[in-house]
Amino acid sequence: MPSPEVTQAAAALSAAPVVTLGRILRRVEDDPDFADDLLAALQGHPARGLRVGVTGPAGVGKSTLCAALARTLREQSHRIGVLAIDPSSPRTGGAVLGDRLRFGAHAHQDGLYLRSLATRGETGGLAAAVEASCRALEVAGYDVVLIETVGVGQDEVEVADVVDVVVVCQAPGLGDDIQAMKAGLLEIADVLVVNKADREGAARAAAELGALRRWTTGGPTDVLQTVAQRGIGVAEVWAAVSKVGRRREDPEALQRRLLRRVSRLLEQRLRRRWHDTPPAAGLDHAALLAEARAALADPGGQ
Ligand SMILES: Nc1nc2c(ncn2[C@@H]2O[C@H](COP(=O)(O)OP(=O)(O)O)[C@@H](O)[C@H]2O)c(=O)[nH]1
Ligand SMILES: [Mg+2]
């Protein structure tokens, strides 16, 4: 039985004013159980948005690109949620985030909702928090959610599991950084972008990045170039993102993604429980998880 608070939150969402939405999202971040229960309460709600992860090293212009994308999408009457996940900074309010995202006075304008999400540390829960936040935003009528993460660690891979499309950004002038780009990031990338194309070396960086992806993952070499600061190339990024998004509506791909999403959430939930309650002696968590995963992947099997 969900608590009255969860039931109330779920019912309030579709017409929630920004303040209520903010309160619900804060609860989602602070309390993983609330996040789980809210997800359960919203199950079957028809609202579906497109979730776009934007990741890459610090300083390449991810926030600027998100702002530019949001501006373009607002012009097309989309309602946009932006979640920024920044492990290096403490939670900041929407206004500060708006500033960082370079929306200036447009932060929290109608149809645009910004929030920075604190990461949760070792016990996991990021994917669950992002999943529940995205669901809440979708039910509240935001049809595109942009999720910015700094491409440095496990967070991106977790986030990739709960988004529909992953955009990986780079910028020229980072020296050897393109070579050092983590293979993991290239594996999860659907759309590659070299931002700061107004700087020298952008074409070379794009060629290198494309070649690197071909070499590490066998994926296509296409790389888009943008000058996010001036909105150049942003429409092309959106075109590429929505193309991937449409492809993902294919029932089989959707099924596979949902399965991955569910198993990730389940795994986090189990880890959290195990973290709260010391395991019984002799219980092999890794083996249990492997079994649970296998059972999920093949519900008909043993
Ligand atoms: N030259 C140039 N600078 C940019 C561009 N896009 C963003 N920047 C600047 O790069 C810096 C980092 O941008 P930010 O969006 O905060 O990067 P993030 O850390 O990846 O989110 C800021 O000073 C931006 O103004 C661009 O297209 N060209
Ligand atoms: Mg940023």
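All of the numbers you see were taken from the coordinates with simple rules; none came from a lab. Fair warning: this is a prediction, and the values are worked out from it, not measured in the lab. For neighbour counting, all protein chains shown are included, and Cβ atoms are generated from backbone atoms with ideal geometry for every residue, glycine included.
Numbers for the structure displayed
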{"item": "Ascending count of other beta-carbon atoms within 10 Å, so fewest first, for 243, 196, 62", "result": "243, 196, 62"}
{"item": "Loop trypsin sites (Lys or Arg not before Pro), segment 1-49 (other Cβ atoms within 10 Å of the site Cβ: 14 or fewer; DSSP)", "result": "48"}
{"item": "Vicinal HN-Hα couplings computed from phi for segment 260-272 (Karplus, 6.51 cos²θ - 1.76 cosθ + 1.60; Hz; Gly/Pro x)", "result": "4, 5, 5, 5, 5, 5, 4, 4, 5, 5, 5, 4, 5"}
{"item": "In order through segment 236-244: 3J(HN,Hα) via Karplus (6.51 cos²θ - 1.76 cosθ + 1.60), integer Hz, x for Gly, Pro", "result": "5, 4, 4, 4, 5, 5, 6, 5, 5"}
{"item": "In order through segment 132-142: 3J(HN,Hα) via Karplus (6.51 cos²θ - 1.76 cosθ + 1.60), integer Hz, x for Gly, Pro", "result": "5, 5, 4, 4, 4, 5, 4, 5, 7, x, 8"}
{"item": "Likely footprinting exposure, 226, 20, fewest C-beta neighbours within 10 Å first", "result": "20, 226"}
